[in-house]
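First the structure, in the form of structure tokens, and then the observations on it.
The values are calculated or read from the model by the stated rules, or taken from the named source; none is laboratory data. Values in this document were obtained by computation on a predicted structure and should not be read as measured data. Cβ coordinates were reconstructed from backbone atoms using ideal geometry, including for glycine residues, and neighbour counts include every protein chain displayed. Accessible surface is based on the protein model in full, side chains and every heavy atom, while ligands, DNA and RNA are left aside. Shrake-Rupley method; radii C 1.70, N 1.55, O 1.52, S 1.80 Å.
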Amino acid sequence: RMLREMGELLDRYTERRPLLLVTEDLHWSDRATVQLIDHLARRRGGGRLMWLASFRLAEVVGLDHPLNPLRHELRLHRLCEEIVLDSFSEREVADYVAERLPSIASDEAFVRALHERTDGVPLFVASVMTDVMTHAARGGDDAATAQLAKMAVPENLAALIDHYVAKLGNEQRALLSAAAVCGVEFRVGTVSDALERDAAWVGQTCDELVREQLWLSAPRTEQGRDGPELPYSFRHALFRQVLYQRTARLARVQLHRRVGAALERERAAGVPVTAAQLAMHFEHGHEPMTALRYYVEAAEAALLHLSPAEGMSLTEHGLTLLDQTPEDTGRNALEIALATLRGVSVTHLLGISSPEAKSAFERAHALLDDVPQHPLRGLLLHGFGFTLCLRAEYAEALAVAERAEALSAETHDPVLLLAACTVWGEVQMLRGRPRIAREWIERGLAAKESLDASLEQGFVADPRVTLLGLLAIQLLHLGWVETAHTRLREAHARARQLGQPMARMIAIWFDAMFEVRLGNAERVASLADEMQVLVEEFALAQGRVACRWFR
């Protein structure tokens, strides 16, 4: 009777004027409100009425709200229209941050991280920003982006997500827990391997969770694509975080170990899996030695792809795990590798002669007697000798060069010989002995020709560019100006071919030193400008001061 009376009231009211009835947050509504919507939508009266109602789709679906079946039925009979609102864009997140906390609105890294963490869902953005503002009001001194990375899911959101988790069946929860350990994205094969369940069942369950429009998003479709299966992904990173945190600690450790082993098998079969992924899983799976091996591989890959900041971060983290491993030759080998790669990364970010670079190389060098056949010994001795040389610690640099030369004579390793020749040539140049320097440099260039290209990536700077630049300076001192010019052109061509910022800077550096000696001020100024562009674009600490004093 009350439903019918409400319908008659609205019909009579809207005879005189149309009515827009707005109801917010239907996901909190009671059953009677849903019944009223159903009744009014099906009436065939003449009322001029639009009912505009908002609701959170995730809550309606996840909590099995009575509105959920009704919305499907009304849409089926074309008795309602449903408009799914887009999440905030990154620009809109920035505008929201500017309103709430203007002091960090210009921090692009924070805005990007906030958008990624919340997927731009306004409710999530608002909740996380409230926690950020609370932390700032309490005098938190860490950077906003770092603070965001460490922040737990806000309590109100965690409680909401816990409601959704409680609605899951045991098998769905186990699947999603394993998927959460994998990350925001995961493959069916990885989860089925980790859970030792049939892949068809995992895929079917994932499809069911996709249809609920709450937990998962379906893999992106790519026309005509062959190759590894595409991953499913969590709809919201915060959902994945809560699931991960709600998994018991020992169960998480076991899942990380199983996921790591599954990813190793996939990698062996040709699936693209990064060493950094494997390192993280084995670290959290309490297998530090395996994790350290992958941290070494990941740091090497970072340097290969010209990402010294990533290499520095990976090696710094890897070195903190050493205390969890037994003291033996295996551990020393991993420490040498991590410290060497850290030294190379530091030279790019803080400068070749920085104390941090010397400290990293020194740490690795001290352990080399325990692992004399270490595969990175040539890169270590080259980096350490070069760093000592540019710090004007010539006696120490030559001691490293002599060690590299002696090892090279025993093993016929061209990397060791190249390290010895580069350091000897640099020291003799700085001591004003161009003829002796030229002999060492030309010997180094000959050794470079027999070097496998894959072994060159870890050098502090490309050996050929460095040696050609050194040779040009020595030839100039000896009066061979045109020949020296030719060597400089070769250095520039090699640097452009490699596309390595450090190699390009080294070539410019030697060219500028060359023109200083000839008194060509305009050319020096032009090279200083070119170096400044490189320094600013790639944060090359070694060139920050040099481009100023060249200018």
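General remarks:
- Length-normalised contact order for the chain - Cα pairs under 8 Å, 6+ apart - percent: 7 percent
- Estimated D of the chain in µm² per second, where Rh is the Kirkwood radius over Cα pairs and Stokes-Einstein applies at 37 °C, 0.692 mPa s: 116 µm²/s
- The value of relative contact order for the range 485-530, using C-alpha pairs under 8 Å at least six residues apart, is 30 percent.
- Shape of the range 406-526, Cα gyration tensor, a/c cut at 1.5: oblate
- 17 Å cut-off, amide nitrogen to a point 7 angstrom out along Arg75 Cα→Cβ, residues in the range 2-44: 26-27, 38
- Heavy-atom surface analysis with a 1.4 Å probe gives the chain a carbon and sulfur content of 51 percent of its accessible area.
- Charge dipole of the chain about the Cα centre (unit charges at C-beta), most positive-ward option of Ala333, Leu9, Ala447: Leu9
- Spatially, the range 457-534 and the range 357-410 are offset by 25 Å when compared through their Cα centroids.
- Sites listed here are trypsin sites (Lys or Arg not before Pro) in the range 383-440 whose DSSP assignment is loop and whose Cβ has at most 12 other Cβ atoms within 10 Å: Arg431.
- Shape summary: the range 186-277 maps onto an equivalent ellipsoid whose semi-axes, from the alpha-carbon gyration tensor, are 20, 19, 13 Å in decreasing order.
- Added length on full extension, which subtracts the Cα-Cα distance from 0.36 nm per residue, Arg246 to Thr130: 39.5 nm
- Diagonalising the gyration tensor over the Cα atoms of the range 360-470 and scaling each eigenvalue by 5 before taking the square root yields semi-axes of 20, 16, 12 Å, largest first.
- Full-stretch length increase - Ala98, Leu230 - with 0.36 nm per residue and alpha-carbon distance subtracted: 43.8 nm
- Distance between the modelled labels on Tyr13 and Arg267, one decimal in nanometres: 6.5 nm (7 Å Cα→Cβ projection).
- Percent antiparallel among DSSP beta bridges (both partners in the chain, rounded to 5): 45 percent
- Computed E for Leu123/Val545 - FRET, C-beta separation, R0 51 angstrom, nearest 0.05: 0.55
- Accessible solvent surface per residue of the chain, calculated while the other protein chains remain in place, 1.4 angstrom probe, Å²: 50 Å²
- A Förster radius of 45 Å combined with the Cβ-Cβ distance from His286 to Leu306 puts the calculated FRET efficiency at roughly 0.85.
- In this label model, Leu20 and Val84 are separated by 2.5 nm, measuring between points 7 Å along each Cα→Cβ vector.
- The length gained on full extension between Glu5 and Gln324, counted as 0.36 nm times the residue separation minus their Cα-Cα distance, comes to 107.4 nm.
- 222 nm mean residue ellipticity, helices alone, for the chain (DSSP H n ≥ 4; -39,500 (n - 2.57); rounded to 500): -22000 deg cm²/dmol
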